[in-house]
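Structure first, commentary second.
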């Protein structure tokens, strides 16, 4: 097993809080410090016993830490790296849980001092509700945890973070950071944008006395479930992974056009073929 | 309460079978006859005790029936109406559970003899799996059941069908047939087409060694769940309600373009506003 004397988690929300719980339950950490901008959140985390101590000043929070976890929104990573880099002890490991990787990995490698060992990561876990009150040590059970090491990544630090991910119950997968961003633009970011667009489309029809949305059944409700995610988080992801997402929207519109054409020309075989192949994909998924 | 001496259900699948169970449990019918093209399905229904007798010949099946329920695919309704019309007894009620109404209602009113009382309906119920083995008397509990009467609909027959829907636990809502088709193009047919298109889009990226779809999380899985529905049924719905669905795909593409533009121009406020309004819609839904 693995053990870190001092761990600092910056951003004690659903993901940061859950990882803290994993380390507490598994006795993987001596002292866990929770850090972040919101005093209320930190005090809540402390009250719940998720962390052992809290600190609002990030520089102070990371002093003496063997492991620092960045679990704030991706857009804050660069500023945080600038702030904590000079205060961390030599050889300390930094990992992050950001859902966009490519250029942030490059930026953080440049911003962090040479003697800090950075291991970029992305756990594919979450739930509808966010916040430390929703954190649980089983959040990562059976989930994938992508690590996107570069040629600069220290192998020992990479192995340590991998062991931590596995201790959380996750399956670790190594992947190139740019490929990661393209893959997640397709399987995660596009579906969210598509769900938001769907809800906007139907909501716009709600004029006059008939409220279209009142008649929504199972299908549409799945869309609204996806679209209930944090608007700020998805705004950031769209801005940070924009080029990949635009490519995926273009591809999606191409598929929609194909369906529209088949409907317009009443091409029964084409439609059934398109629907059947999509339906078959589902059968291939666990 | 209401009671029908002889009921014939044409198409004893999930919906037809569930309605038969409702009538059996509630003692709303004397004898229930199951009818349809597939002998195997009918025998399964008989074996499960969902119906009291079965008949492959539709004309024979409806003779003496006080209530006939059309629960086959919508595309078959006109041919069935031609076949059963002359064999039904005077004053018998016909209702259907078709998910497209507009022109079928008009067609069936023309095809059925004047002395047959047709009440067009559409229960908003279903589940992932289909077939009589999945039927249950609670399928309609809390669901909406849309009835789309016209000026030709007999008020007494309408009231009788309404009573039956309520006995099934459904909330009845009357609506114009053409409006029904437009509303369901938006809240049901569009989401299904969008889900099929999404799964096709991501599946197409699965070339080479990286299987994009392997990394799909909760968001994408909701899409595949919707896209797992019957390809034949959705092919038919797209062909039968094509104009409305095309309008809704166009509206959807407009929303997607708006999102794409906001991403391309890095319009942070616009993106957050779009996402927030969609997220708020969700909060308004039960």
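Every read-out reported here was derived from the displayed coordinates using simple, explicitly stated rules and does not represent laboratory data. As the structure is a computational prediction, the values presented were derived from the model and not from experiment. Counting neighbours? That spans all protein chains shown, and the Cβs are built from the backbone with ideal geometry, glycine included.
For this structure, a couple of remarks:
- Compactness relative to 2.2 N^0.38 Å, alpha carbon Rg of chain A: 1.14
- For region A:94-188, share of DSSP beta bridges that run antiparallel, in % to the nearest 5: 35 percent
- Using a 7 Å Cα-to-Cβ projection, residue B:142 label spacings across copies, nm, ascending: 2.4
- Region B:19-35 and region A:7-74: distance between their alpha carbon centers, rounded to Å: 61 Å
- The simple spin-label model puts a point 7 Å past each Cα toward its Cβ; for residue A:268 and residue A:166 those points are separated by 5.6 nm.
- DSSP-defined beta bridges in the protein assembly as shown - what % are antiparallel, rounded to 5: 10 percent
- Antiparallel content of DSSP bridges confined to region A:4-175, in %, to 5: 10 percent
- In nm, spacing of pseudo-spin labels at residue A:221 and residue B:141 (7 Å Cα→C-beta vector): 1.4 nm
- Cα convex hull of the protein assembly as shown - mean projected area over all directions, nm²: 28.3 nm²
- Chain B: relative contact order as a whole-number percent, Cα under 8 Å and 6+ apart: 15 percent
- Gyration tensor (Cα) of region B:44-117, equivalent ellipsoid semi-axes in angstrom: 21, 16, 10
- Label 7 Å beyond Cα on the Cβ vector: residue A:57 copy-to-copy distances, nm: 9.5
- Proxy reagent accessibility, fewest Cβ within 10 Å first, across A:138, A:94, B:22: A:138, B:22, A:94
- Between the beta carbons of residue A:56 and residue A:27, assuming R0 = 30 Å, the FRET efficiency works out to 0.65 to the nearest 0.05.
- Of all residues in chain A, the one whose Cβ lies closest to the rotation axis carrying A onto B, together with that distance in whole Å, is A:222, 2.
- Counted residue by residue at 0.36 nm each, then reduced by the alpha carbon distance between them, the extension gain from residue B:179 to residue B:277 reaches 32.8 nm.
- Share of Cα-Cα pairs in region A:103-173 lying beyond 13 Å, as whole percent: 67 percent
- Placing a label point 7 Å from the Cα of residue A:156 along the Cα-to-Cβ line, the residues of region A:89-125 whose backbone N sits under 19 Å from it are A:89-95, A:113-120.
- The ranking of B:145, B:234 from fewest to most other beta carbons within 10 Å of each one's beta carbon is B:145, B:234.
- Calculated FRET efficiency for the pair residue A:78/residue A:37, C-beta based, R₀ 22 Å, to 0.05: 0.90
- 7 Å along Cα→Cβ, label-point gaps from residue B:270 to other copies, nm, shortest first: 3.2
- Over the residues of chain A, the helix contribution to mean residue ellipticity at 222 nm works out to -15000 deg cm²/dmol, using -39500 (n - 2.57) for each DSSP H run of at least 4.
- Neighbouring Cβ atoms from other chains, within 10 Å of the Cβ of residues in B:169-176, number 1 on average.
- Whole-Å distance, taken between Cα centres, linking region A:84-127 and region B:124-169: 57 Å
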